[in-house]
């Protein structure tokens, strides 16, 4: 029941407090799309990041610090990278469930913004974003032992994601030099590739492949860090 409640509340709240306000300031994107249409993939990528964070925190920080479920799992003969990948992908099931409900809610609030193919593409790129962001959170969770440091780092990361990855504000609004740097962040690349596919109907192989490759490398790195941490 709590999952169903969150599935209804989170998309509704994020839509109301972000899109409803900003669309009166930024009416259209630089390319001419209505803001509520342009921001849709960014909103769901940010929603995916919000949703995957507590699940990762629970499994890789709380349970590790308190020597609960994670310890016997790590003692199994499975490769540590497989453990990381398994826990991450199991978390994605709950994220996907809520994102689907969120798409239904968003399409009811803005009926002209979402059709079936756009919903599938938004879900696809949101999953890529969640995998990459989840791996970053796993690395932070494994590298720190203090809850205060984890929360401070998480807050800075979420603010950077929200405003510095082109999810809610186009990178072209930033100074040219700053925008050029931000658009090469792997998390920014997911949004760029998603909007290119949605609005320009072109598959951006470079901006799609790089985040996927980085996610794979982070899974390997997180497996190595997990192995070192649990030996302590």
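Would region 163-176 turn up any residue that is more than 19 Å from residue 45 (Cβ to Cβ) and either in contact with a helix residue (DSSP H, G or I) (Cβ under 6 Å, 6 or more places away or on another chain) or in contact (Cβ under 8 Å) with a residue 24 or more places away in the chain (or both)? No, there is no match, as no residue in region 163-176 is more than 19 Å from residue 45 (Cβ to Cβ) and either in contact with a helix residue (DSSP H, G or I) (Cβ under 6 Å, 6 or more places away or on another chain) or in contact (Cβ under 8 Å) with a residue 24 or more places away in the chain (or both).
Residue count for region 171-185 satisfying the condition of being under 21 Å from residue 38 (Cβ atoms) and part of a helix (DSSP H, G or I): 8. Yes or no: residue 185 closer than 18 Å to residue 126 by Cα, surrounded by fewer than 12 Cβ atoms within 10 Å (Cβ to Cβ) and either touching a residue at least 12 places away in the same chain (Cβ under 8 Å) or out of contact with any strand residue (DSSP E or B) (no Cβ under 6 Å at 6 or more places or on another chain) (or both)? Here the answer is no, as residue 185 does not meet what is asked.
Residues that are at pLDDT 80 or above and not in a helix (DSSP H, G or I) are absent from region 62-72 altogether.
Which one is nearest to residue 25 (Cα to Cα), of the residues in region 196-209 that are assigned to a helix (DSSP H, G or I) and touching a helix residue (DSSP H, G or I) at 6+ places or on another chain (Cβ under 6 Å)? Spell out the reasoning first.
Looking only at region 196-209, we keep the residues that are assigned to a helix (DSSP H, G or I), and these are 196-199, 205-209.
Right, trim to touching a helix residue (DSSP H, G or I) at 6+ places or on another chain (Cβ under 6 Å) and you get 197-198, 207-208.
On the way: 197: 25, 198: 23, 207: 28, 208: 30 Å.
In this case the residue turns out to be 198.
Among the residues of region 42-53, is any within 18 Å of residue 198 (Cβ to Cβ), outside any helix (DSSP H, G or I) and at pLDDT 75 or above? For region 42-53, residues within 18 Å of residue 198 (Cβ to Cβ), outside any helix (DSSP H, G or I) and at pLDDT 75 or above: absent. Consider residue 209 carefully, then state whether it is more than 13 Å from residue 166 (Cβ to Cβ) and at pLDDT 90 or above. Criteria met by residue 209. Given the criteria under 19 Å from residue 35 (Cβ atoms), within 18 Å of the chain's Cα centre (by Cα), at pLDDT below 90 and surrounded by fewer than 17 Cβ atoms within 10 Å (Cβ to Cβ), does residue 168 qualify? Criteria not met by residue 168.
Out of 190, 212, which single residue is part of a helix (DSSP H, G or I), buried (at least 22 other Cβ atoms within 10 Å of the Cβ) and touching a residue at least 60 places away in the same chain (Cβ under 8 Å)?
Numbers: 212 fails: buried (at least 22 other Cβ atoms within 10 Å of the Cβ).
Answer to the check: 190.
The residues of region 126-154 that are crowded, with 24+ Cβ neighbours inside 10 Å and more than 16 Å from residue 217 (Cβ to Cβ), listed by number, are 126, 129, 130, 141. Within region 4-21, the only residue that satisfies the criterion of being exposed (fewer than 11 other Cβ atoms within 10 Å of the Cβ) and modelled with pLDDT under 75 is 5. Only one of the listed residues (126, 141, 117) is assigned to a helix (DSSP H, G or I) and free of Cβ contacts under 8 Å to residues at least 60 places away in the same chain. That residue is 117.
The values are calculated or read from the model by the stated rules, or taken from the named source; none is laboratory data. From a predicted model like this one, the values you see are computed outputs, not experimental measurements. Glycine gets a Cβ as well: all are built from the backbone with ideal geometry, and neighbour counts include every protein chain shown.
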